[in-house]
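Data first, discussion second: the structure below is written as structure tokens.
The values are calculated or read from the model by the stated rules, or taken from the named source; none is laboratory data. The model shown is predicted, which means the values in this text are computed figures rather than measured ones. Cβ coordinates were reconstructed from backbone atoms using ideal geometry, including for glycine residues, and neighbour counts include every protein chain displayed. Keep in mind that these areas ignore ligands, DNA and RNA; they rest on the heavy atoms of the full protein, side chains included. Shrake-Rupley method; radii C 1.70, N 1.55, O 1.52, S 1.80 Å.
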Amino acid sequence: MLFDVERTTIAGRAALTVRGEVDIATSAQVADAAASLLDTAPAGLVIDLSPTRFLDSSGARVLVAIARRCAAGGIELHVIAPPTNRPVRLPLELLQLDRVVPLIGSAGELPSVSAGRETP
Amino acid sequence: MPGGAEDALLRCADEPIAVPGAVQPHGALLAVTEPDLAVVVASANAPELFGRPVAGTSLDQLLDDSDTARLRAGLAGDLAEVNPLRVRLGGADVDLVLHRADGLLVTEWEPVLGAEQAGAAWHRRLPTTLQRLSATATLEELTAVLARDVRALTCFDRVMVYRFDAEWNGEVIAEDRRDDLEPFLGLRYPASDIPAQARALYATNWMRLIPDAGYRPVPLEPPLTPSTGRPLDLSGAILRSVSPVHLEYLANMGVVSSMSVSLIDNGKLWGLIACHHYAGPHRPSYSDRVAAEFLGRTASLLLPTLVGAGEQTGVLEVAHRQAELASAIGRTPRALAEALTEGEVTVLDLLPASGAAVRINGQLRLLGETPPADRVVPLVRALLAAGAPVTDAVSRVVPEAADLAGSASGVLAVEVVGGQEDFLAWFRPETLREITWGGNPYTSKTAQTDAGPRLSPRRSFDAWSETVRETARPWREHEVTAARSLAALLTGTAASRAEEDNRLAAALQRTLLLEQLPKVPGVALAARYLPSEEDVVGGDWYDIVPLPGGRVSIVLGDVAGHGLAAAAITAQLRHALRAHLLRAPGPAAALDGLNEVIGALLPGELATAIVAELDPATGDVVVANAGHPPVLIGTAAGAAYLHEGRGPALGLLDVADYAETRVHLGDDDRLLLFSDGLVERSADGLAAGLEDLRAAVGAGPADPQQLLDAVLGALNPPRTDDVTLLGVART
């Protein structure tokens, strides 16, 4: 199975796009990629699970760890998991991960980066 | 290098040095036929030496009868035993030296007058000198003795021993010189200083002499040998005129006279004894030159042993370090990275390198001078991918790593199999940075003083520097072998550690799974546990906890993760939940308590659990669910998931505040609890897996044992994760 974590930019934010299956064998790569990105102290982080085809509890555990680190560091986190992506969305719902990890359905739900700024 | 000198070198490389068509003027050459000794080719200075024209004559006419007889007697045997034949010409002693070339007898006539003689005293000391040579134990000693004795014999101002590397660059490794001369010891010369055709010649012809680098070449007459139509082959001639480029090179170094003797190891040119004279022309006698050549030949015979001994020294040291590291690993097999980097002997000590990297279990540790941490892993990965994990020129394999030449021009990398892309790597810097100087080439007194193409030690060093840019000292075979052995040992240790972990985890898991389900009055129970095939131990657990008053708690849980760590956490959670179930007023309160345990004692861990508390007497069931797949209730009307009473996974929130929901279990109904391994890998996803399971339970038998077999048969879950099922019915 092809697995890959790509560093991208989504709606002006630093992002990780996760393709393939996140399980015991691959979740550490998500953790590593997020850790090195968070080391650069970005304003926000988006994890895009739209192209993710599977996610098990070890993947969920990594997402929780990332969410905690973001919360502690004041970094705005969004995890994109479209409701149509059932293989990912359902385990997240069973675990009620949304109570710690900010889940959104698509990139379109991301607040504008400049929102809240006054325009001259 | 300026264009002029480069052109000079290129011209030099093209030069037909074996057939220059001329000789040096310190002797005369006659090529004669055999057996009548008729002169066919003569050097233009021969008439002067013989005091008469030589063309059309024969040696019978040029020599007196007794010398002719000695010559003819010598021709029947080995010419090397005849040389030199001391003859008299016009009242003067002349050394006649013979060899054969182009089907002719080449006779070279060198007047004794004007030659330097070391004298009989030196020749009497020869046995002592030979003894001194053969008594040397190291290459350093041998070459030092060689330089000193060749200088004592030949009285050159400077005698150097020069060693070629694999690319034919030379290094001065021993030197004996006039006290007022600056040292050349440690100087390097690029391969271009001694072109390939010269090296080929030196491998067969042991000795070259240029008594006066300012000489005017003496042409051969006729220029082309009549029998071959080509210039006479002078490759074996002692008077052979050398390349003008070489003379220019010598002149630029201030060298007036030069002699060199080949050092040959197992048939291959290994180095040279290079002799320079600055004070003026200098010509050691033929017999002194033969003695010097003899010393060179003797040293050449000793080379294989001493070079081998030198390499053996390195081999023993590396083997010793390897044993020390192996014993450190043996003492702490569970802390390999520490054993390799924190002990008295570290991986950096294993072999000569300036830096080392250890990646064990995905954790990188650096020792000494290495590239920055974020470059090490990509560099090693690229070298392994390129199939060149052992290289002394990294930038030729991975061009984008050229900027790392200062710390990693050479890399020796070995994989540690079975880890998380684990490896060991050693680094060597660009060779230039390793050079220690015997003398400083930048203050050379013989450096360039006027315009025009000039070659000098300084320029040679610069040229040599260019050839070694971005390359490191090569890795020796025993070093590579030692590195591979260490990696193999680590692989083995990691593998046996993984096995040991698996045994431990399996033992631990057995304590988590019940050997035998407890007998609970009024309840029929069945359990199935299928361990993962990919990882011996998963995080699933189940438990049956009889409660006061006849009720029973049926528990199924799952800790995120696999292996020993997950199994250890699973054991703790199982026991903690058991304690809470016995004390708490209900399943939700027990899960609240368990959630607090994780938050306080196991931060960062994530687990799910479901608890169904059954009163066998009434069939009342209270269910609380912490992020686990829902319980499935099968009735005569079919099967349905209990979606109520669900809460977050354990460890997610500080205060979870779990809810409870109640259902009634009729006489013919059954409950099914399961771990996600049963359904998550369904071909069409978790949702489809859940639906398949519901259908299987709805259609399945009522007896819990039969039901579980039917479910497993219908779903046939892949064994990538562990799978646990509990079936419950009333009796």
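List of remarks:
- Computed E for B:ALA55/B:ALA388 - FRET, C-beta separation, R0 51 angstrom, nearest 0.05: 0.20
- Considering only Cα atoms, the convex hull volume of the protein assembly as shown works out to 249 Å³ per residue.
- Charge dipole (the protein assembly as shown, unit charges on Cβ, about Cα centre) - positive-most of B:THR129, B:THR370, B:TRP270: B:THR129
- Estimated [θ] at 222 nm from DSSP helical runs (n ≥ 4, -39500 (n - 2.57)) normalised by residues in the protein assembly as shown, nearest 500: -11500 deg cm²/dmol
- Taking the longest Cα principal axis of chain B as reference, the axis of helix B:477-512 is set at about 10 degrees.
- Residues of the stretch B:682-698 buried by at least 10 Å² on assembly (accessible area, 1.4 Å probe, chain alone as reference): B:GLY685, B:LEU686, B:ALA687, B:LEU690
- With a 10 Å cut-off around each Cβ of A:62-68, the average count of Cβ atoms from other chains is 2.
- Peptides B:517-530, B:238-251 ordered by average Cβ neighbours within 10 Å, highest first: B:238-251, B:517-530
- For the protein assembly as shown, carbon and sulfur atoms together expose 53% of the accessible surface, with a 1.4 angstrom probe and every protein chain in place.
- Loop-located GluC sites (Glu not before Pro) in the stretch B:120-228 (DSSP state not H, G, I, E or B) with no more than 15 neighbouring Cβ atoms inside 10 Å: B:GLU167.
- Ranked from largest to smallest solvent-accessible area, with a 1.4 Å probe on the protein heavy atoms, B:ASP349, B:ASP36 come out as B:ASP36, B:ASP349.
- Loop-located GluC sites (Glu not before Pro) in the stretch B:392-423 whose Cβ has at most 15 other Cβ within 10 Å (DSSP): B:GLU421
- Seen against the Cα atoms of chain B and their longest principal axis, helix B:373-385 is set at about 80 degrees.
- Mean partner shielding of peptide B:720-730, defined as the number of other chain Cβ atoms within 10 Å of each residue Cβ, is 1.
- For peptide A:95-102, the mean count of partner chain Cβ atoms within 10 Å of a residue's Cβ comes to 6.
- Under 12 Å, Cβ to Cβ, from B:GLY114 - net charge with Lys/Arg +1 and Asp/Glu -1: -4
- The stretch B:22-111 - charge dipole about Cα centre, Lys and Arg +1 at Cβ, Asp and Glu -1, debye rounded to 20: 100 debye
- For trypsin sites (Lys or Arg not before Pro), no site in the stretch A:1-100 is both called loop by DSSP and has at most 16 other Cβ atoms within 10 Å.
- Folded to 0 to 90 degrees: helix B:65-75 orientation relative to chain B principal axis, Cα: 20 degrees
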